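Each reported figure results from applying straightforward, stated rules to the coordinates on display, with no laboratory input. All figures in this text were calculated on a predicted structure; none of them were measured in a lab. Don't worry about glycine lacking a Cβ; one is built from the backbone with ideal geometry, like all the others, and counts go over all protein chains shown.
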Amino acid sequence: MADVRTSNLPDAETAPEAPLSPTHMAIRREDYRPPDWLVPEISLKFDLGIETTRVRATLSVERNGQHDRPLNLDGDGLELVAVSVNGQPAEHQMDGPALVIDIAADRATVETEVTIHPSANTKLMGLYASNGMLCTQCEAEGFRRITFFPDRPDVLSKYTVRMEGNAAAFPILLSNGNRVAEGKGGDGRHWAEYEDPFPKPCYLFALVAGDLKANRDSFTTMSGRKVDLAIWVREADLPKTQHAMNSLKLAMAWDEKVYGREYDLDQFNIVAVSDFNMGAMENKSLNIFNSAYVLADQETATDADFDNIARVVAHEYFHNWSGDRVTCRDWFQLSLKEGFTVFRDQSFSADVGSPAVKRIEDVRVLRAAQFPEDQGPLAHPVRPDSYIEISNFYTATVYNKGAELIRMFHTVLGAEKFRKGTDLYFERHDGEAATCDDFVKALEDASGTDLSAFKIWYSQAGTPKVKARLDHEGSTATLHLEQHEDPTPRQPNKQPMPIPLKTAIIGEESGAEICPERLIVLDQPKQSFRFENVSETPLLSINRNFSAPIMITAERRPQELDKLAQADTDAFARYEAMQELMMAALTAGARGEPVDCDTVIKAISATLKSNALDPAFKAEAILVPSDTLVAERMDVVDPDAIHASRDRLRKAIADARGEELLAAHRSDGVSGDDLSPKAKGIRRLRTVALGLLSAGDEATAAELAKAQFDRADNMTDRQGALGVLVSLDAPQRQEALDAFYNRFHDDALVLDKWFALQAAAQRRDTVDQVLKLAQHPDFVITNPNRLRSLAGMFGGNHWAFHSADGRGYKFLADMIIAADKLNPQVAARMVPAFGRWRRFEPKRSAMMREALERIAATPGLSRDVYEQVSKSLA
Ligand SMILES: [Zn+2]
């Protein structure tokens, strides 16, 4: 699956978007036992209806090993109509929601018939209705809401699916694999039959029935096979599907070139759905997508939306091998498919765009979403040891830190050996349910490299902290490193970790790389490394390209950082030097200490004026770290002090360098439909510069923003301008909001932006605005995208959410309680906004704890929210 990320908003950080009971038992990794019964084949017959659907399942079951345990089939909310074994009515019992059948023989055919109610399914797990169509979401445990089955990823079956329904309501009938038969029934009904030749776990099952139209194309694979491609949407949305189609074909070609992986069926379908809990789902040959990750045109989608669509389309496609052909043995191994596939989609996006800017974005997401997770009460290893509700583990740790782990393997082995390793992994485990250890073993066997020390990254939670100091004497520089790992819940004692650090020495006078980059692996608590032939004052360039997902504190003077920001030969390190410079000023300001604004201003000015840097990089480099990121550096968080410090620095920059910012804001026009990295960079810089200008003279900035808004021939400029205006007190603010609403209120995805921009506004009255928006007729709590746009986005608005009167806490807690009754998975993903209550100043800390306690005391709380809340309070 692809996680959902709130779209990039200008000059504000994306929310650490919230990822995804007393009777709630923890499931532990060490208790894993192979399945008692296997199901080599399953045949499903659906009699489809929006209100009621009837499902008949025929399972051929086989006893797995020597035992006399009964067949235990998971179920959830199913109305059982009939059960038979080998054609005879069968004795059976219910064990809670599970169906238990005693079977004497080692093999049998088990038939069940159930009814389910798609339109009443507000959890959006299993089979549900969305805008008159029927669709499914089964990962992680949704299949048990469709039929009785051993719902675990290590039970792989061949599927035959027959579905029948009203031809007018459901003209299009889709499932996994190949369509093998179809026909008409009586009473305006029709049917279709699908066969998927590849055995798969039930979480990859999919079905779609509805009134859809396709954008069709084809792709010829490297062995010359033609694959029919189709993207299915409502007819009116067809013109918005071309970017997704182009992205799919690019991804198919990329996976052949970079990983040698070819697509394996004759058809590949993508379906867009407007009510969807996550980003998208990689069901074999029938990917189901949140429409936000399919639909785009210049009028309605930003450059970031276009990039996200390419990323998610590629991510789900890549799962065909890293997830479908080789799946996970159990849900503790989720990162086996997700960490690896995120690494693959990050590499793809870097290859088709700007690698330096892509790396900066990846690291920003990691820092904003994963680092807080790793340091809070919900910290867990990349391969968790236990869970109550697996939906809560679709986290930035499993996905993004998991991807960093794979990237470290890639860094240590080099591209060629890494590829040999993945080839062996796919060859060895094709058609199997594998583990993270299997993956590492394949890399080790193919490369002849012992990676066992690195496996601690799978099991130990928390972000390592590294201190670095460079000594210089004669022609030798010595790098002294120290690492430290803080305790995390259930892991009080930590081991040192192997930390691969790409390091180089830059000459202060020459600005050249005087000691070329080398890979250092810090694997002791304290270690020193020598650099020879250091002929001038050395500057330390460390963790280049962010080679390890750690927090590093290097002893460096502001002048050193200023020099590195201009001269470092690694683009990421240059960005990092700039960020460190600003961070030092911001944290000093928040603590009430004297602030050195001048060095920051000088560095920003040099960055803006540099001809060697492209606009996209400039925009990233001058972006002032968000309140959330500053809070991560404080021992005691005072949101007002942080916000004031950030405002002062932004104002100092705007006052001192207004002319240069204005020039960047006005940099030469590019056409709105130009999606080249350069054009995107110019648009990004235009809005980032505008955001900084707005910290100076508000009235002038409001005029500039309104002009950009009115003139915009694309959503990037329009949303960027509105994103600046919403935080200002100027008459243009409401004019622009109204114009935006009137123009786009019929387009759900654009209306999401309208809600999200206001929820992210940096204003004293944001809580009032958000409370009003929650009463707006267009606010629909059952639609996950809309809920995330308002409540999710607000939870990530550091200053507003943490407003001193506690009303932000009350609002979000109320939302979580209300949403939990409808869709526990989505509600639970908003809880982490409260997670780090212990780090806040005493008054806020107490109010956050009270909010959590109030949620915990709500009767009938779901397992999802119970787990998040009880762990946050523990
Ligand atoms: Zn995924």
Given H placed on each backbone N at 1.01 Å, which residues far from ILE27 in sequence or on other chains put an amide H within less than 5 Å of it? TYR387, ILE388
Point-to-point label distance, MET25-SER386, nm (Cα→Cβ direction, 7 Å offset): 1.3
In which sequence would VAL670, VAL357, VAL831 go, from the one with the fewest C-beta neighbours within 10 Å to the one with the most? VAL670, VAL357, VAL831
Report P(r) for region 201-323: all Cα-Cα distances, bin width 5 Å, range 0 to the bin holding the largest distance, values in whole percent. 2, 11, 23, 26, 20, 12, 5, 1, 0
For SER157, which sequence-distant residues (separation of 5 or more, or a different chain) have an amide H within less than 5 Å of its own amide H, given hydrogens modelled in the peptide plane? LYS200
Please arrange LYS467, LYS441 by how many other C-beta atoms lie within 10 Å of their C-beta, fewest to most. LYS467, LYS441
With respect to the cross-link table entries LYS213/LYS240; LYS417/LYS526; LYS257/LYS455; LYS358/LYS441; LYS158/LYS200; LYS494/LYS871, which display a Cα-Cα separation exceeding 18 Å? LYS417/LYS526; LYS257/LYS455; LYS358/LYS441; LYS494/LYS871
Quote the Stokes-Einstein diffusion coefficient, in whole µm² s⁻¹, for region 456-603, based on the Kirkwood radius over alpha carbon pairs, a temperature of 20 °C and a viscosity of 1.002 mPa s. 132
Theoretical gain in end-to-end length, LYS609 to PHE529 [0.36 nm per residue, Cα-Cα removed]: 25.2 nm
So the FRET efficiency between LEU737 and GLN93, C-beta based with R0 = 60 Å and rounded to 0.05, is 0.55
Rg/Rg_ref, region 761-810, where Rg_ref = 2.2 N^0.38 Å and atoms are Cα: 1.09
Tabulate in residue order the Karplus-calculated ³J(HN,Hα) for region 521-526, using 6.51 cos²θ - 1.76 cosθ + 1.60 with θ = phi - 60°, rounded to whole Hz; enter x for Gly and Pro. 10, 7, 10, 10, x, 9
Ranked GLU576, GLU256, criterion: other C-beta atoms within 10 Å, fewest first: GLU256, GLU576
Share of Cα-Cα pairs in the chain lying beyond 56 Å, as whole percent: 9
Rg (one decimal) and Dmax (whole number) from the Cα set of region 318-472, in Å, equal 15.8, 56
State to the nearest 20 debye the size of the charge dipole of region 763-874 about its Cα centre, where the only charges are +1 on K and R beta carbons and -1 on D and E beta carbons. 280
Quick one: Karplus J couplings for region 675-686, per residue in order, coefficients 6.51, -1.76, 1.60, θ = phi - 60°, nearest Hz, x for Gly and Pro? 9, 5, x, 5, 5, 4, x, 4, 5, 5, 5, 4
Derived scalar couplings ³J(HN,Hα) [region 283-297; Karplus, 6.51 cos²θ - 1.76 cosθ + 1.60; whole Hz; x for Gly, Pro]: 2, 3, 6, 9, 6, 10, 10, 4, 4, 4, 9, 10, 8, 7, 8
Whole-number D in µm²/s for region 708-774 (Stokes-Einstein; Kirkwood sum over Cα pairs; 25 °C, 0.890 mPa s): 204
So between ASP68 and ALA588, what do we pick up on full extension, going 0.36 nm a residue minus the alpha carbon distance? 180.4 nm
Sites GLU513 and LYS455 - FRET efficiency at Förster radius 45 Å, r taken between beta-carbons, to 0.05: 0.85
Collect residues whose amide H, placed 1.01 Å from N in the peptide plane, falls under 5 Å from the amide H of SER285; neighbours closer than 5 in sequence don't count. none
Does region 317-390 classify as rounded, prolate or oblate by the C-alpha gyration tensor (a ≥ b ≥ c root eigenvalues; a/c under 1.5 gives rounded; else a/b over b/c gives prolate, otherwise oblate)? oblate
Using +1 at the C-beta of Lys and Arg and -1 at the C-beta of Asp and Glu, which of ALA819, PHE801, ALA857 has the Cα lying farthest in the positive direction of the dipole of region 782-874? PHE801
Separation in nanometres of the label points that stand 7 Å from Cα toward Cβ, at ARG854 and LYS184: 6.0
Could you tell me which residue out of GLN734, GLN708, ASN783 lies farthest along the dipole of region 708-817 toward its positive end? Charges go on the beta carbon: Lys and Arg +1, Asp and Glu -1, centred on the Cα centre. ASN783
With labels modelled as points extended 7 Å from the Cα through the Cβ direction, what inter-label distance (nm, one decimal) is found for LYS651 paired with ALA804? 1.7
